[in-house]
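Undergrad: The structure under discussion is supplied below as structure tokens; questions concerning it will follow.
The values are calculated or read from the model by the stated rules, or taken from the named source; none is laboratory data. Keep in mind that what you see is a predicted model, and the values were worked out from it rather than measured. Please note: Cβ atoms are built from the backbone with ideal geometry, for glycine as well, and neighbour counts cover all protein chains shown. Just so you know, the surface numbers come from the protein's heavy atoms only, side chains and all, with ligands and any DNA or RNA stripped out. Shrake-Rupley method; radii C 1.70, N 1.55, O 1.52, S 1.80 Å.
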Amino acid sequence: MVNCLFLIPKSADPRAVDAFLSGRFLPGLKQVAGVRSRSVSEGELMCPAGPQIPYARVINASFASLCDAIASRQSASGQSDNEELRRFGVQVLMYESKEI
């Protein structure tokens, strides 16, 4: 399984981010082949070391394979989403995981 973390910075316009997420990005993830699960953070992010977290929200999308994750980002809608994610300064991390 491959997870994609989308780290949305505090510096991004909250209203524009919410409109993008609820109107396009999150509903679009439902349509992507290979997506196993999706989640989005709620409320303030927390850190045991203190409040210096530079991110306002986190989205996690789990894919069946790396090929599925890459294909989703290279699709026409994925390319359009990529432009918006860059505009908002979103950091995208991908990693393989396994159940333990």
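Undergrad: Within the range 72-88, is even one residue out of contact with any Leu (no Cβ under 8 Å at 6 or more places or on another chain), open to solvent by 80 Å² or more (accessible area, probe 1.4 Å) and among the small types (Gly, Ala, Ser)?
TA: The answer is yes, given that some residue of the range 72-88 is out of contact with any Leu (no Cβ under 8 Å at 6 or more places or on another chain), open to solvent by 80 Å² or more (accessible area, probe 1.4 Å) and among the small types (Gly, Ala, Ser).
Undergrad: Same structure again: Please give the number of the condition Ala49 fails out of (1) surrounded by fewer than 15 Cβ atoms within 10 Å (Cβ to Cβ); (2) of a type outside the set (S, T, N, Q); (3) under 14 Å from Val2 (Cα atoms).
TA: Answer for Ala49: the failing condition is (3).
Undergrad: Here's another thing I want to ask about it. Could you check the chain for strands (runs of 3 or more DSSP E) lying wholly inside it with 1 or more residues that are touching a residue at least 60 places away in the same chain (Cβ under 8 Å)?
TA: Numbers: elements: 2-9, 35-40, 55-63, 91-96.
Correct list: 2-9, 55-63, 91-96.
Undergrad: Additional query: Determine which member of the set Ser97, Ser65 is more than 15 Å from Val32 (Cβ to Cβ) and loosely packed, with under 14 Cβ neighbours inside 10 Å.
TA: Ser97
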